[in-house]
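Colleague: Following this message is one structure expressed as structure tokens.
The values are calculated or read from the model by the stated rules, or taken from the named source; none is laboratory data. Being a predicted model, the structure only gives us computed values, none of them experimental. Virtual Cβ from ideal backbone geometry, glycine too; neighbours counted across all protein chains shown.
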């Protein structure tokens, strides 16, 4: 355990004592805890799921538990995301009672970030993000606008074809690096990883749950087994965990729009990237069309969220909380609501323009400072077969595990917060 992680953990524990406990900010913790069995046992069908869910439930329910958040859009993660989760886990582990929450953006779509579906294999010196036709987990051209939580998991046929193409790329990369003797071991590792993807697809009913299950299995490998200090949860769960505070935030929508505008203007005046580049600040909630599943900004009238679907050319409504599944807060409203569950620390990978909006909104709307925020802006770099000579700063974990053992990957990512870890394949 690094001293810097102990110091961050102590800052989280102070926030728990001085803010969370003092103000009774435990809204939704009971619902998070109660939902763990349904998530781990029925939806993800993880090994020994019931025992894992029960162990996590007792940690979530305890008011002494320091919750450390790390949230990211749904994808097969690159090493930077993996390191963020591991560092959140380390901060939680440094507390007497601590739990890292890795919140996966299952409300994202393939259209929003196409690179999120990349498998991550390079090709003859070109990294996965730059190759002409990257190996991609398919969702179907007509379904790219549908949230991951509502899409089916990949089909066995699609994953089999992805494995066939991946094996051909392995051959090309090994030949390019003059390491053809490594092919038997690489092909064995590829089959192991693809079987994990297939098994997860067989056991889940949505693409979002598939992404969570795959990552849960990977993190168990990285951590040497199940850790009661890490819970993997869907971001969309916020509407079930904290409907009351979300409704309260919706009532603040006009003030929140004003805060967004004020912060954006201050950012522009300092020459920074503003939260919003438009003079018209939209509302803080999304509503999903029941027909096409596309989202639009929503207005709140005290009982109903309403919007207009530009594709179907019709108005749409969702009663709250009866139709909460068709509503999702934007990132500002999301974090403001999640903080009310007692989050006492937040690990982030960039200085995003929305951070100052959340900070100001927390002060203006709720009269408190938000939890301490810990920046981890370093970039792990992977040097492997087929990667550029300088390595790849966005190498995906799937790809790295084809050439490195999980415990070696974890140890390489465990270094100081200021270092840029370099992982080098033993096959080079």
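Colleague: As an exercise: evaluate residue 203 against (1) more than 20 Å from residue 154 (Cβ to Cβ); (2) surrounded by fewer than 19 Cβ atoms within 10 Å (Cβ to Cβ); (3) under 26 Å from the mean Cα position of the chain (by Cα) and give the number of the one condition it does not meet.
Modeller: Every listed condition holds for residue 203 apart from (1).
Colleague: Now, a different point. If we keep just the residues of the stretch 1-29 that are loosely packed, with under 14 Cβ neighbours inside 10 Å and more than 16 Å from residue 97 (Cβ to Cβ), which is nearest to the chain's Cα centre (by Cα)?
Modeller: Per the stated criteria, the residue is 7.
Colleague: Considering every residue within the stretch 319-331, establish whether at least one is free of Cβ contacts under 8 Å to residues at least 60 places away in the same chain, crowded, with 17+ Cβ neighbours inside 10 Å, more than 22 Å from the chain's Cα centre (by Cα) and under 15 Å from residue 287 (Cβ atoms).
Modeller: no
Colleague: What are the residues in the stretch 381-414 that are assigned to a loop (DSSP other than H, G, I, E, B), free of Cβ contacts under 8 Å to residues at least 12 places away in the same chain and within 17 Å of residue 223 (Cα to Cα), if any?
Modeller: 405
Colleague: Filter the stretch 87-98 down to the residues that are more than 13 Å from the chain's Cα centre (by Cα) and surrounded by 24 or more Cβ atoms within 10 Å (Cβ to Cβ) and list them by number.
Modeller: 87, 89, 91, 92, 98
Colleague: Any idea how many residues of the stretch 311-333 are out of contact with any strand residue (DSSP E or B) (no Cβ under 8 Å at 6 or more places or on another chain) and assigned to a helix (DSSP H, G or I)?
Modeller: So the answer is 3.
Colleague: In the stretch 281-298, is there at least one residue being assigned to a loop (DSSP other than H, G, I, E, B), surrounded by fewer than 17 Cβ atoms within 10 Å (Cβ to Cβ), out of contact with any helix residue (DSSP H, G or I) (no Cβ under 8 Å at 6 or more places or on another chain) and at pLDDT below 95?
Modeller: No, there is no match, as no residue in the stretch 281-298 is assigned to a loop (DSSP other than H, G, I, E, B), surrounded by fewer than 17 Cβ atoms within 10 Å (Cβ to Cβ), out of contact with any helix residue (DSSP H, G or I) (no Cβ under 8 Å at 6 or more places or on another chain) and at pLDDT below 95.
Colleague: If you don't mind, another one. Residue under question is residue 228, and the condition is that it be over 26 Å from residue 67 (Cβ atoms), touching a residue at least 40 places away in the same chain (Cβ under 8 Å), in contact with a helix residue (DSSP H, G or I) (Cβ under 8 Å, 6 or more places away or on another chain) and surrounded by fewer than 22 Cβ atoms within 10 Å (Cβ to Cβ); does it hold?
Modeller: no
Colleague: Tell me which of these residue 38 doesn't satisfy, since it passes every other one: (1) surrounded by fewer than 21 Cβ atoms within 10 Å (Cβ to Cβ); (2) touching a residue at least 24 places away in the same chain (Cβ under 8 Å).
Modeller: Tallying (1) surrounded by fewer than 21 Cβ atoms within 10 Å (Cβ to Cβ); (2) touching a residue at least 24 places away in the same chain (Cβ under 8 Å), residue 38 fails exactly one: (2).
Colleague: How many residues does the stretch 380-391 contain that are over 21 Å from residue 417 (Cβ atoms) and touching a helix residue (DSSP H, G or I) at 6+ places or on another chain (Cβ under 9 Å)?
Modeller: 4
Colleague: In the stretch 266-280, how many are exposed (fewer than 14 other Cβ atoms within 10 Å of the Cβ) and over 19 Å from residue 306 (Cβ atoms)?
Modeller: Residues in the stretch 266-280 being exposed (fewer than 14 other Cβ atoms within 10 Å of the Cβ) and over 19 Å from residue 306 (Cβ atoms): 8 in total.
Colleague: Checking residue 378 against (1) outside any helix (DSSP H, G or I); (2) at pLDDT 95 or above; (3) buried (at least 18 other Cβ atoms within 10 Å of the Cβ); (4) out of contact with any strand residue (DSSP E or B) (no Cβ under 6 Å at 6 or more places or on another chain): exactly one of these is not met. Which one?
Modeller: (2)
Colleague: Could I ask something else about it? Which of the following residues is buried (at least 17 other Cβ atoms within 10 Å of the Cβ) and either within 27 Å of the chain's Cα centre (by Cα) or farther than 30 Å from residue 59 by Cβ (or both): 301, 253?
Modeller: Sole residue among the options that is buried (at least 17 other Cβ atoms within 10 Å of the Cβ) and either within 27 Å of the chain's Cα centre (by Cα) or farther than 30 Å from residue 59 by Cβ (or both): 253.
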